[in-house]
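Data first, discussion second: the structure below is written as structure tokens.
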Amino acid sequence: MTEKQPRYRDVRAGSNILRTAVWHRDPRSGPAARPLLFFNGIGANIELIAPLAEALTDRDIIAFDAPGVGGSAAAGIPYRPWNLARMAAAILDELGYGEVDVMGVSWGGAMAQQFAFQYGSRVHRLILCATSAGSFMVPGNPKALMKLAHPRRYLDPDYLMKHFEMLYGDEAAEAPDHSSRLRAPTMRGYFYQLLAGIGWTSVPFLPFLKQPTLVLAGDNDQIVPLINGRFLARLIPGARLEVVSGGHLFLVSRASEVIPLIRDFLDEELEPRPFAAKRRRPAAKAPAAPFAVKMAD
């Protein structure tokens, strides 16, 4: 790990102003790798991805708080996944990024699927962690899902500690470190995130995704059971499934196992396909000048 620190900036995306962070690559890590756009889980703030961002030193990591989450003000009206994908594209435009790799976890994995379909020409590789195809998912443990429907775990550290294993299927030893980075969402922001997923599914467009895709799924996930990862990998052409020994937070609890898988996938050279038409890529703008650090509350 390095002392790679994020730089924060509020970015206007349509009618929303979203708190955004960029972990800039370490110039000592060698040639610059493609930037990675990250979609976080429901109610989750930017700081929760710090261990991943600090480990991937050779690339810029871009993340943002969804409306009503972390340091972003709640949206005035409910939004749909295609709206959030448009917000993410606006953030990339504002910060000067063209083509990126995309990664999403849980609820954010659904948003990553939407972004990869909606803005396919901007997405080089796709990583989906602990996520599903939306309304066609096989549901998890009913007790865990009932607790997931309310943001109390973000508001009450003792509640999170008490129910950590049941909620996530991971060892409670990971709870204090995870809890220390939490920032409670607003009730409206959390509700709008839940509402965004109602009736949404990626099933109609998954067979048309062209990006090389890595699906990571935990074998003890209490919220998004493993079968959902298998379903995604079957529907997305050429997708690779990696089963991780862990629960819903395997990205945290099994970081030493998962991060090398992510790094190897992102760095893997594509084999040229004979007679394959080259995908047109938009001209990438030069990255915006480093913006001033804004300390999180």
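So the values come out like this:
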item	result
If the convex hull is drawn through the Cα atoms of the range 197-237, its volume per residue in Å³	76
Rg followed by Dmax, in Å, when the range 1-120 is reduced to its Cα trace	13.5, 44
Relative contact order (percent, whole number), the range 46-141, Cα cutoff 8 Å, 6+ residue spacing	21
Tensor-based shape of the range 53-146 (alpha-carbon gyration tensor, a/c under 1.5 rounded, otherwise prolate or oblate)	prolate
Shape of the range 72-126, Cα gyration tensor, a/c cut at 1.5	oblate
Cα Rg, Dmax (largest Cα-Cα span) when computed across the range 13-60, Å	12.6, 39
Simple label model, 7 Å out from Cα along Cβ direction - Val243 to Asn220, nm	1.5
Ratio of Rg to Rh over the range 46-85 (Cα coordinates, Kirkwood Rh, two decimals)	1.09
The range 1-108, accessible surface, carbon-and-sulfur percent (1.4 angstrom probe)	52
Accessible-area order (highest first, 1.4 angstrom probe) of the listed residues Met146, Met111, Met187	Met146, Met187, Met111
Distance between the range 22-89 and the range 112-140 - C-alpha centres, whole angstrom	15
Largest-first ordering by accessible area, 1.4 Å probe, given options Leu92, Leu235	Leu235, Leu92
In nm, spacing of pseudo-spin labels at Lys210 and Ser15 (7 Å Cα→C-beta vector)	3.4
Estimated inter-spin distance, Arg28 and Asp267, nm [label 7 Å along Cα→Cβ]	1.7
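The values are calculated or read from the model by the stated rules, or taken from the named source; none is laboratory data. Note that the coordinates shown come from a computational prediction; the quantities given were computed from them, not determined experimentally. Because the Cβ atoms are built from the backbone with ideal geometry, glycine has one as well, and the counts that use them run over all protein chains shown. Calculation scope for accessible area: heavy atoms of the full protein, side chains included, ligands and nucleic acids excluded. Shrake-Rupley method; radii C 1.70, N 1.55, O 1.52, S 1.80 Å.
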